[in-house]
Structure formats: structure tokens, C-alpha cells
1. Do you know which residues across segment 24-41 are modelled with pLDDT under 95 and of a type in the set (D, E, K, R)?
2. For Gly66, indicate whether it is small (Gly, Ala, Ser), at pLDDT 95 or above and touching a helix residue (DSSP H, G or I) at 6+ places or on another chain (Cβ under 6 Å).
3. Is it the case that segment 24-38 has a residue that's farther than 21 Å from Ile144 by Cβ and free of Cβ contacts under 8 Å to residues at least 40 places away in the same chain?
4. Take the residues in segment 41-62 that are in a strand (DSSP E or B) and touching a Gly at 6+ places or on another chain (Cβ under 7 Å), then tell me which one is nearest to Arg8 (Cα to Cα).
5. With Arg65, Arg80 as the choices, which residue is within 16 Å of the chain's Cα centre (by Cα) and in a strand (DSSP E or B)?
6. Which number in (1) surrounded by fewer than 17 Cβ atoms within 10 Å (Cβ to Cβ); (2) at pLDDT 95 or above marks the one condition that Gly55 misses?
7. If I filter segment 106-116 for residues that are surrounded by 11 or more Cβ atoms within 10 Å (Cβ to Cβ), over 17 Å from Ile46 (Cβ atoms) and of a type in the set (A, V, I, L, M, F, W, C), do I get at least one hit?
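The values are calculated or read from the model by the stated rules, or taken from the named source; none is laboratory data. Keep in mind that what you see is a predicted model, and the values were worked out from it rather than measured. Positions of Cβ are generated from backbone atoms using ideal geometry, with glycine treated the same way; all protein chains shown enter the neighbour counts.
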Amino acid sequence: LDPSELLRGLESGRYTGHVGYAESVCIIADAASLSLTRIEEKQEPIVAEDEIRLGDLTIGKGMVRGLRGFAAGYANGVERIRVEFEAAALAPEYEEIVIEGEDHSIAWRSSGTPGDLGTASVILSIAEKLDQMPYGLLTMADLIPFRIRFEGSAKL
């Protein structure tokens, strides 16, 4: 797929790529009681620098080999929350969380987290609490037993 065709398809709605970046930023902000003033969201193609062969599939040089997307949440003009996602042929698989504070940063990275199994495990862990919750729409922020908060220039 040609990169310009992907961009046109994303703009027209023919292609969706990954969805939920802005929603993820909003749920993190809600969990932290952080009022956002603006959210940016974007997706862009990752282009093959050389020809790539994967079994019977060939991705030509200059063609799309994946997608990179992000959303950023701003409070009073300062980026406070950012989520990024990248899926591409030959890209390393990992999950990473970085929390930047005024005086220090915390980073966690894993290349062995099975996402589907992790999601199922979280659902099973909270299922026993659901009968104690009020009816209606609940988010993970309503179910986790703690709250996060932003102070100073902290960024997640």
C-alpha cells in the first residue's frame, strides 16, 4: 500500500487503523481527576526503507509496512498525558510506560507481556467486585482500588 493512499484512506474513513487513542487519554485523565483543555490524535504510515519479505508477502521499498499513532492530552497548554501505538512488520514487540516528574522519571518496559491474556486476567480479577458496583457505565477508573494524581509538571 502506498503511504499517500493510506493517508487518504484514513482521512476518508475507508481505513481506520487503530482506534481509541483519545479515549485512552480521557480515561487516564478521568482516573487522575485531571481536566484536559485539548487532545491531539494522529496516525501515520511507517514506510519500508528496503524491500521486506515475510513468507509469501513482499512489502516493497517505500510502501507501508505499518502504522504509528498517538494521542496527547493537554492541560492549560502543557502536554500531560501521551499514548502511542506502533504496529509494523519487523518492528520489535514491547510495552512501555514512562512517568516523568519534575525531579525524576520512572520507566517500565516489557517485551513479554501477552496482551490478550493480560486483558482476560484483569477482567477475571475485577469480576468478583462487579456485583458491589452501581448499575450503569463503569470504567476501569471506577474499579481500580487507587487513584493517580498529577502534581507540578508530571507527565504520563
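1. The answer is Asp30, and nothing else.
2. No; evaluated as a whole, the condition is false for this residue.
3. Within segment 24-38 (the criterion being farther than 21 Å from Ile144 by Cβ and free of Cβ contacts under 8 Å to residues at least 40 places away in the same chain), the answer is yes, since at least one residue qualifies.
4. Gln43
5. Arg80
6. So the condition that Gly55 fails would be (2).
7. No, segment 106-116 contains no residue that is surrounded by 11 or more Cβ atoms within 10 Å (Cβ to Cβ), over 17 Å from Ile46 (Cβ atoms) and of a type in the set (A, V, I, L, M, F, W, C).
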